[in-house]
Amino acid sequence: MAAPWDSELIRRQRQSLGVYQAQRCVDTHCHCLPGIDDGPSSLEESLALCRALVQQGITHVIATPHQLGRYEGAVSAPVIRQAVKTLNESLLTERIPLTILPGAEIRVDERVASLLQEDELMTLADRRRHVLLELPFDLYLDLSPLLAQLQAMDLRAVVAHPERNRVIAKNPERIRSWSEYDPILQITCGSVVGRFGPSVQAASFALMDLGFQALLASDAHDTQGRSPCFAESFAAVNNHFSFYVAQRYCIEAPLHLIGGCPEPLGETTSAGKAQLA
């Protein structure tokens, strides 16, 4: 029997999906699990964030709590998997039409490859195909050695919010050295709509034009200062590039990460002709 979803949430979700001309919409970077990292501190806050995501048209979310860095030893893969299971059960009880998948945002560290092999760290959607990496905000690190290690493991890196790294924001060309490893750039929705200032906003669009595959994700933490703004960011990319490009970045590329788009997506912008693998 189909779950008796909240009719008003379903209506608003379908309304947003109609704008995107999509049947499903995936948020690949979101801190929605309660009491694990700097996301919601309680189940009530987590459910409020999930409702906000649904209203933006989101149907699937990859939960990406922080791993390593200041959360080292505190957020393990088994803890994440159990928290996702528990939240999905609560979503059913609360009639919220959203599916949560397990993942993590992993702080760049020389041990990432070995810890992935030991199942200490999570891949996106737990599919063993993509790894979400977090750079420091104030320091530029050449990811090439780590990207090479991941490539040898048949894993593809998704680099979280590179536009918010101060060095990259000033000179997006710095990341061209990563191109041979074909990472995906995850641009944050708030960045393209100016929430982090005009320089980060400009860097977002500059990075999209470099030729790397890119996608947008909310990196939402709550319903206040770090709330989801997916619909607003879709409109911003549509206005800056085109509706076709907005669908690529916001709908098709994220869907591909959970296995929902079996064919390579092809060209992104007119300037960027990267291929999804």
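Every number in this text was worked out from the coordinates using simple rules, so none of it is lab data. Keep in mind it's a predicted model, so treat the numbers as computed, not measured. Backbone-built Cβ (ideal geometry, glycine too); neighbour counts: all protein chains shown.
Under the criterion of Cα pairs below 8 Å and six or more residues apart, the relative contact order for the chain equals 18 percent. Taking amide H positions as modeled 1.01 Å from N, with prolines and chain starts lacking one, the residues under 5 Å from Leu101 and 5 or more places away or on another chain are Val61, Ile62, Ala63. Restricted to Cα atoms, the chain shows a radius of gyration and a Dmax of 17.4, 53 angstrom.
Converting phi to 3J(HN,Hα) with the Karplus coefficients 6.51, -1.76 and 1.60 and the offset θ = phi - 60°, segment 100-109 yields 9, 10, x, x, 6, 9, 9, 5, 4, 7 Hz in sequence order, with x at every glycine or proline. Label point of Leu115 set 7 angstrom out along Cα-Cβ; within segment 177-203, no amide nitrogen lies under 11 Å from it.
Helical content of the chain, expressed as a calculated mean residue ellipticity at 222 nm, amounts to -10000 deg cm²/dmol (DSSP H runs of 4 or more residues, -39,500 (n - 2.57) each, divided by residue number, nearest 500).
Annotation: amide H-H contacts under 5 Å for Val131 (H modelled 1.01 Å from N, sequence separation of 5 or more, or interchain): Leu124, Arg156, Ala157, Val158. Taking the Cα atoms of segment 52-108, the ratio Rg/Rh between the radius of gyration and the Kirkwood radius comes to 1.04.
Along segment 115-129 the Karplus relation, 6.51 cos²θ - 1.76 cosθ + 1.60 evaluated at θ = phi - 60°, assigns HN-Hα couplings of 5, 5, 4, 8, 6, 8, 10, 9, 8, 5, 6, 6, 9, 6, 10 Hz to successive residues, with x for each Gly and Pro. Note that segment 170-187 has calculated 3J(HN,Hα) couplings of 6, 8, x, 4, 4, 8, 4, 5, 7, 4, 5, 9, 6, x, 9, 9, 9, 8 Hz, one per residue in order, obtained from phi through the Karplus relation 6.51 cos²θ - 1.76 cosθ + 1.60 (θ = phi - 60°); glycine and proline are x.
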